[in-house]
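A.B. asks: Mind looking over this structure? Questions follow.
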Amino acid sequence: MDTAAPISDRLDDVDEHVEEGRRKMDWALEHMPILTALREQFEAGKPLRDHRVGMALHVEAKTAVLVETLAEAGADVAITGCNPLSTHDDVSAALDAHENITSYAKRGVDDEEYYEAMDAVIDHEPTITVDDGGDLVFRIHEEYPELIEDIVGGTEETTTGVHRLRAMDQEGALDYPMFNVNDTPMKHLFDNVHGTGESALANIAMTTNLSWAGKTVVVSGYGYCGRGVAKKAAGQNANVVVTEVDSRRALEAHMEGYEVMPMDEAAKVGDVFVTTTGNRDVITEKHFASMQDGVVLANAGHFDVEINLEQLSELAVNEREAREGVREYELEDGSRVNVLAEGRLVNLASPVALGHPVEVMDQSFGVQAVCVRELANNGDEYDAGLHSVPDELDREVAETKLDAEGIEHDVLSTEQEQYMGSWRHGT
C-alpha cells in the first residue's frame with residue numbers, strides 16, 4: 001500500500017509553519033496544568049522508553065501537548081489526523097520538527113490520502129495506539145493483523161469510537177486491550193458536556209455571525225454532548241428543543257425544562273439544528289423539505305453521516321458558499337438550508353475551529369496520558385477487549401487538577417470509611 005510522506009515534506013515555508021505551530025502549542029501548554037505535571041513526571045521516569053505510539057487524533061494545539069508529553073516520556077510517536085478537516089498544518093509541522101515525533105497529518109485530504117497517512121503511522125509498527133473514532137484500530141485489524149501480537153494496548157477518546165469498539169468486542173473481533181477513555185468521569189462529565197457544548201456553539205456563532213438569543217435550537221440526542229449543547233444554548237437565551245430515541249433520556253430532557261418532540265415535528269420549527277448522536281441519517285430528505293427558510297445545520301456528533309448531505313444535494317436546485325464554512329442549498333420552493341463544515345464536526349472542522357477549550361482537553365488528555373503509561377507498565381495484565389479506565393487513574397487526574405487550582409476538599413475519616421463499607425449498621 002502507498003503511504004503518505006511526513007507533513008514537512010508536503011509544505012512550503014516549513015520554518016514559518018513550525019514557528020506558528022509552536023506558538024499555538026506554547027499557549028495551550030500554559031493553560032494545561034495536568035499535562036504539565038505529568039510531563040515533569042514522564043521526563044524524569046521515561047515510562048514509555050522502548051515504546052512506539054501510533055496516534056490518530058485531531059491534530060491541533062491541545063492534542064500536540066499530549067503528543068509531546070508522550071514523546072518526552074521516551075516514546076517514538078507517529079501521528080495523523082482522525083478527520084480530514086480538523087488538522088492545523090502549522091501544528092502538524094511543529095510536531096514533525098520534534099526529533100521523536102513524525103506527523104503525517106494534513107488538512108483537506110481526500111479519503112485516499114487520509115488512509116495513506118494512517119498506513120504511514122502503522123508502518124512505524126506501534127506498540128500502543130491512541131485513537132479518536134476508531135479508524136486506526138480498525139485499520140490495523142483489517143489490513144495489518146500481523147502487527148497485533150506486539151501491541152500491548154490502546155486508548156479510545158470518543159463516543160463513536162467506543163460504540164464501534166464495543167460492537168467489535170461483542171463479536172470477539174477486538175484482538176488487543178483498549179481503554180474506553182470516553183466513558184470515564186473525568187472525560188465525559190467535562191469534555192462532552194462543557195467541551196462540546198461551549199465549542200460547538202462558539203464555532204457556529206463565529207462561522208455564521210448570528211445570535212442565539214430568541215432562536216429555536218434543535219438538539220438531536222441527549223447524551224452528555226447533547227446535554228452540554230442544550231444547556232449552553234439555553235444559557236444564551238435560545239429556546240431549546242430536544243429530539244431523542246431513548247425514552248429515559250427524552251424524559252430527562254423534559255424534566256430539565258426542554259421541549260421534546262420527534263425530528264419530524266422539530267424540523268418545522270427549528271432555526272438551528274445541532275446533531276450530537278454519533279448515528280447516521282438523523283436529518284434526512286423528509287426533514288429538509290419541511291424546514292424554514294435560512295435554517296442552519298451543524299454536526300457535533302462525530303462522522304459526517306448525521307446529516308444526509310447526499311439527499312440534500314439531490315433536493316437542491318442550486319448550491320453555493322454563502323460564507324466561508326457555510327454551504328447553502330436552495331430547494332425548489334426557494335427555501336435555503338445552510339450546512340456548516342461539510343457536515344463534519346463543527347467545533348473542529350469549520351474554518352475558525354479551535355476545538356474544545358484548553359482546560360477541558362487538559363483533563364481528557366490527562367486521562368489519555370495516564371492510560372498510555374498504564375499500558376506501558378502493566379499492559380500484560382489486560383486481556384484483549386474493551387476495558388474501563390481504572391478508577392484510580394481517573395482520580396489521579398482529578399487530584400492533579402485540584403492541586404493545580406489550589407482547591408482542597410474533604411476526605412473520609414477512618415470511621416466514615418468503615419461505616420460506608422459495612423452492612424451491619426442499621427437504622
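A.B. asks: Taking H as built 1.01 Å from N, whose amide H comes closer than 5 Å to the amide H of His387, not counting residues under 5 places away?
C.D. replies: Sorted by chain and number, the residues that satisfy this are Met178, Phe179, Asn180.
A.B. asks: Divide by every residue of the chain the summed helix terms, -39500 (n - 2.57) for each DSSP H run of at least 4, and state the resulting mean residue ellipticity at 222 nm, rounded to the nearest 500 deg cm²/dmol.
C.D. replies: The helix contribution divided over the chain gives -13000 deg cm²/dmol.
A.B. asks: After finding the eigenvalues of the alpha carbon gyration tensor for the stretch 326-414, what semi-axes result from the square roots of 5 times each, listed largest first in whole Å?
C.D. replies: Square roots of five times the eigenvalues give 42, 20, 12 Å.
A.B. asks: Here's another thing I want to ask about it. Order Trp423, Trp27 by their accessible area, 1.4 angstrom probe, all chains in place, largest first.
C.D. replies: Correct descending sequence by accessible area is Trp423, Trp27.
A.B. asks: With the convex hull built on the Cα atoms of the chain, state its orientation-averaged projected area in nm².
C.D. replies: Computing the convex hull of the Cα atoms and averaging its projections yields 23.7 nm².
A.B. asks: Another question, then. Taking a ≥ b ≥ c as the square roots of the Cα gyration tensor eigenvalues, with a/c under 1.5 meaning rounded and otherwise prolate when a/b beats b/c, else oblate, which class fits the stretch 274-425?
C.D. replies: Note, shape of the stretch 274-425 comes out prolate.
A.B. asks: Are there any trypsin sites (Lys or Arg not before Pro) in the stretch 366-427 that are in a DSSP loop and have at most 16 other Cβ atoms within 10 Å? List them by number.
C.D. replies: Loop-located and lightly packed - Arg424.
A.B. asks: Please label the shape of the stretch 1-86 as rounded, prolate or oblate, based on the square roots a ≥ b ≥ c of the eigenvalues of the alpha-carbon gyration tensor (a/c under 1.5 means rounded; beyond that, a/b larger than b/c means prolate, else oblate).
C.D. replies: The shape class here is oblate.
A.B. asks: Could you compute the net charge surrounding Val137? Neighbours are other residues with a C-beta less than 9 Å from the C-beta of Val137; K and R count +1, D and E count -1.
C.D. replies: Result for the neighbourhood of Val137: -1.
A.B. asks: Shape of the stretch 104-144 from its Cα gyration tensor (a ≥ b ≥ c, root eigenvalues): rounded if a/c is under 1.5, otherwise prolate when a/b > b/c, or oblate?
C.D. replies: Here the stretch 104-144 falls in the prolate category.
A.B. asks: Still on this structure: Rank Arg320, Arg10 by accessible area, highest first, at a 1.4 Å probe radius?
C.D. replies: Descending order: Arg320, Arg10.
A.B. asks: Could you tally up the Lys pairs in the chain with alpha carbons closer than 17 Å? Skip any pair fewer than 8 positions apart unless they're on separate chains.
C.D. replies: 10
A.B. asks: Here's another thing I want to ask about it. With θ set to phi - 60°, apply the Karplus curve 6.51 cos²θ - 1.76 cosθ + 1.60 along the stretch 34-44 and write out the HN-Hα couplings as whole Hz, x wherever there is a Gly or Pro.
C.D. replies: Working through the residues one at a time gives 5, 5, 5, 5, 5, 4, 4, 5, 5, 5, 6 Hz.
A.B. asks: For the stretch 46-90, which trypsin sites (Lys or Arg not before Pro) pass both filters: DSSP loop (anything but H, G, I, E, B) and at most 15 other C-beta atoms within 10 Å?
C.D. replies: The qualifying sites are Arg49.
A.B. asks: Apply the Karplus parameterisation 6.51 cos²θ - 1.76 cosθ + 1.60, with θ equal to phi minus 60°, to every residue of the stretch 239-251 and state each ³J(HN,Hα) to the nearest whole Hz, in sequence, with x for glycine and proline.
C.D. replies: Karplus-based 3J(HN,Hα) across the stretch 239-251 equals 8, 9, 10, 10, 10, 8, 9, 9, 4, 6, 5, 4, 5 Hz.
A.B. asks: How much length, in nm to one decimal, is gained on full extension between His163 and Trp27, taken as 0.36 nm per residue of separation minus their Cα-Cα distance?
C.D. replies: 45.6 nm
A.B. asks: Any idea how far the Cα center of the stretch 1-65 sits from the one of the stretch 85-155, in Å?
C.D. replies: Going from one Cα centre to the other spans 13 Å.
A.B. asks: Mind listing the phi-derived Karplus ³J(HN,Hα) values for the stretch 370-383, rounded to whole Hz, using 6.51, -1.76 and 1.60 with θ = phi - 60°, and x for any glycine or proline?
C.D. replies: 5, 5, 5, 4, 4, 5, 5, 7, 9, x, 6, 8, 10, 6
A.B. asks: Residues with amide H under 5 Å of Val218's amide H, sequence separation 5 or more or different chain, H placed in the peptide plane at 1.01 Å from N; which?
C.D. replies: For Val218, whose amide H was placed from the backbone, the distant partners under 5 Å are Val241, Asp271, Val272, Phe273, Val274.
A.B. asks: Suppose we look only past 13 Å in the calculated P(r) of the stretch 60-106. What percent of the Cα-Cα pairs does that tail hold?
C.D. replies: Of all Cα-Cα pairs in the stretch 60-106, 47 percent lie more than 13 Å apart.
A.B. asks: What are the extents of the Cα atoms of the stretch 184-250 along their three principal axes, in Å, largest first?
C.D. replies: So the three principal-axis extents are 34, 26, 17 Å.
A.B. asks: Put His387, His409 in order of accessible area, largest first, 1.4 Å probe: what do you get?
C.D. replies: Largest accessible area first, the residues go His409, His387.
A.B. asks: Mind listing which GluC sites (Glu not before Pro) in the stretch 54-158 are in a DSSP loop and have 14 or fewer other Cβ atoms within 10 Å?
C.D. replies: Those that pass, being in a loop and sparsely packed, are Glu99.
A.B. asks: Can you give me the % of accessible surface on the stretch 263-312 that is carbon or sulfur? Probe 1.4 Å, all protein chains present, nothing else counted.
C.D. replies: Accessible surface attributable to carbon and sulfur in the stretch 263-312 totals 42 percent.
The values are calculated or read from the model by the stated rules, or taken from the named source; none is laboratory data. Computed from a predicted structure; not experimentally measured. Here the Cβ is made from the backbone with ideal geometry for all residues, glycine too, and neighbour counts use every protein chain on show. SASA here: full protein model, heavy atoms, side chains in, ligands and nucleic acids out. Shrake-Rupley method; radii C 1.70, N 1.55, O 1.52, S 1.80 Å.
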